[in-house]
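The values are calculated or read from the model by the stated rules, or taken from the named source; none is laboratory data. This one's a predicted model, so the numbers in the text were calculated from it and none came from an experiment. Note: ideal-geometry Cβ built from the backbone for every residue, glycine included; neighbour counts use all protein chains shown.
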Amino acid sequence: MVSIRTLRLLIAVAHEGSFAAAGKAMGLTPAAVGLQMKALESDLGTSLFDRGARRVVLNGTGRDVVVAVSDIVSRYEGLLTRRDSAVLTGTVVMGALVSALMGAFADALWAMKRAHPHLVVRLLAGKSRDFAERVGSGELDAAIVTRPPYRLSSQLVWTPLYAEPMVLIVPRRPNFTLPRASAQILRDAPFIRFDPRAWTGYLVRRALRQVGVRARDEMELDSVEAIVELVRGGFGVSIVPRLANVDWAADRALRIVATPRIDVIREVGLLERVRHPRMQATAAIKAFFDARSGP
């Protein structure tokens, strides 16, 4: 009989992309992963993988099975929470922007862990646009992402949790001539741009349009944290979300420059399926922010 552990292993293979990486994540050798996957294929009576000389990848049937298996595992985890509706247990698998862990979501996470010490929260770092597909497939129970810039599938719902204004940051000791006016800074200083394909990158484009300048792009990255460090090092300026748990005023290496024409806000929220087995856990996160906002 197929075990929940084997089903979790199949999900890990789908997520990690190889037997070796899945084995490392689950504490197994690649050979042990291969044997369990062969046994699973035998039990199901179908092939789940295309096996080549150098690579093993999920085939179409395998990808469909992963979706069904993710639902089974989520339902099993949901059974654990029903033993006591007031106490959350089991595992919730969530995606989160790294910058969200430096923002208000970190407070929500610790509050939930204190209230429900037997709940295991498995966090996966990544990008908003990637999480949408993984939440939709059931690979993730939910994800902390910025507001989607497009219409979501009818199976997904995004709930706003908190907001962060987009701000212009500059180094205190630049390796270049730093103009005084914010518009001139954005026009003339080397600009470190957040990946324009990312959802936060879309907000940066909006902010630049509000100022009405074309930035002189020097570098392009997909990490708020990396951009902040480069600005601290004096390599350029940037527009980033003002992360909630960062003491910007005390930063000795960079400063925020007031830019009245920029009023773009990055909204951070919870992305989940309309119905899923870990709704008690996601409801606890939303309740935390509801309590913070107050009447």
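Please go through segment 209-249 and pick out each residue that is of a type in the set (Asp, Glu) and assigned to a loop (DSSP other than H, G, I, E, B). Don't jump to the end; show me each part of the working.
Applying the first criterion (of a type in the set (Asp, Glu)) to segment 209-249 yields 217-218, 220, 222, 225, 229, 247.
Result: ASP222, ASP247.
Give the residue, chosen from VAL224, VAL237, VAL213, that is over 15 Å from PRO190 (Cβ atoms), crowded, with 16+ Cβ neighbours inside 10 Å and in the same structural domain as THR177 (by TED's automatic domain parsing). Break it down stepwise before answering.
Details: VAL237 fails: over 15 Å from PRO190 (Cβ atoms); VAL213 fails: over 15 Å from PRO190 (Cβ atoms).
Every option except VAL224 fails the conditions.
I'd like the full set of residues that are in a loop (DSSP other than H, G, I, E, B), over 30 Å from PRO171 (Cα atoms), in contact with a helix residue (DSSP H, G or I) (Cβ under 9 Å, 6 or more places away or on another chain) and among the aliphatic types (A, V, I, L, M), limited to segment 250-295. Let's see the steps before the verdict.
First, the residues of segment 250-295 that are in a loop (DSSP other than H, G, I, E, B): 251-253, 258-264, 274-278, 294-295.
Adding the requirement that they be over 30 Å from PRO171 (Cα atoms) leaves 274-278, 294-295.
Pick out the ones that are also in contact with a helix residue (DSSP H, G or I) (Cβ under 9 Å, 6 or more places away or on another chain) and you get 276-278.
If the condition is that a residue be in a loop (DSSP other than H, G, I, E, B), over 30 Å from PRO171 (Cα atoms), in contact with a helix residue (DSSP H, G or I) (Cβ under 9 Å, 6 or more places away or on another chain) and among the aliphatic types (A, V, I, L, M), then no residue fits.
With the requirement that a residue be closer than 11 Å to THR259 by Cβ and touching a Lys or Arg at 6+ places or on another chain (Cβ under 7 Å), what does segment 170-211 give you?
Kept after step one, since they are closer than 11 Å to THR259 by Cβ, are these residues of segment 170-211: 170, 181-183, 185-186, 207-208, 210-211.
Within segment 170-211, VAL170, GLN210, VAL211 meet the criteria.
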Among the residues in segment 92-99, are any modelled with pLDDT of 70 or more, over 25 Å from ILE11 (Cα atoms) and within 22 Å of the chain's Cα centre (by Cα)? yes
Please identify the pairs in which a residue from segment 57-82 that is at positive phi and modelled with pLDDT under 80 has its Cβ atom under 6 Å from the Cβ atom of a residue that is assigned to a helix (DSSP H, G or I) and surrounded by 15 or more Cβ atoms within 10 Å (Cβ to Cβ), counting only partners at least 6 apart or on another chain. none
Among the residues of segment 256-285, write down those that are within 17 Å of ILE144 (Cα to Cα), touching a residue at least 40 places away in the same chain (Cβ under 8 Å) and surrounded by fewer than 17 Cβ atoms within 10 Å (Cβ to Cβ). ILE265, GLU267, VAL274
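I'd like the residue in segment 37-56 that is within 30 Å of the chain's Cα centre (by Cα) and modelled with pLDDT of 85 or more and, out of all such residues, is surrounded by the fewest Cβ atoms within 10 Å (Cβ to Cβ). Even if it seems obvious, please write down each step before you answer.
Just the residues of segment 37-56 that are within 30 Å of the chain's Cα centre (by Cα), to begin with: 37, 48-50, 55-56.
With the extra rule that they be modelled with pLDDT of 85 or more, the set shrinks to 37, 48-50.
Numbers: MET37: 20, LEU48: 23, PHE49: 18, ASP50: 12.
Here the residue is ASP50.
Per-residue answers, yes or no, for (1) in contact (Cβ under 8 Å) with a residue 60 or more places away in the chain; (2) in the same structural domain as ILE227 (by TED's automatic domain parsing):
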site	(1), (2)
VAL145	yes, no
SER154	yes, no
PRO160	yes, no
THR177	no, yes
SER182	yes, yes
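Pick out the one residue from GLU225, GLU164, GLU229 that is within 18 Å of the chain's Cα centre (by Cα), charged (D, E, K, R) and over 23 Å from ARG261 (Cβ atoms). Reasoning before the result, please.
Values: GLU164 fails: over 23 Å from ARG261 (Cβ atoms); GLU229 fails: within 18 Å of the chain's Cα centre (by Cα).
Result of the check over GLU225, GLU164, GLU229: GLU225.
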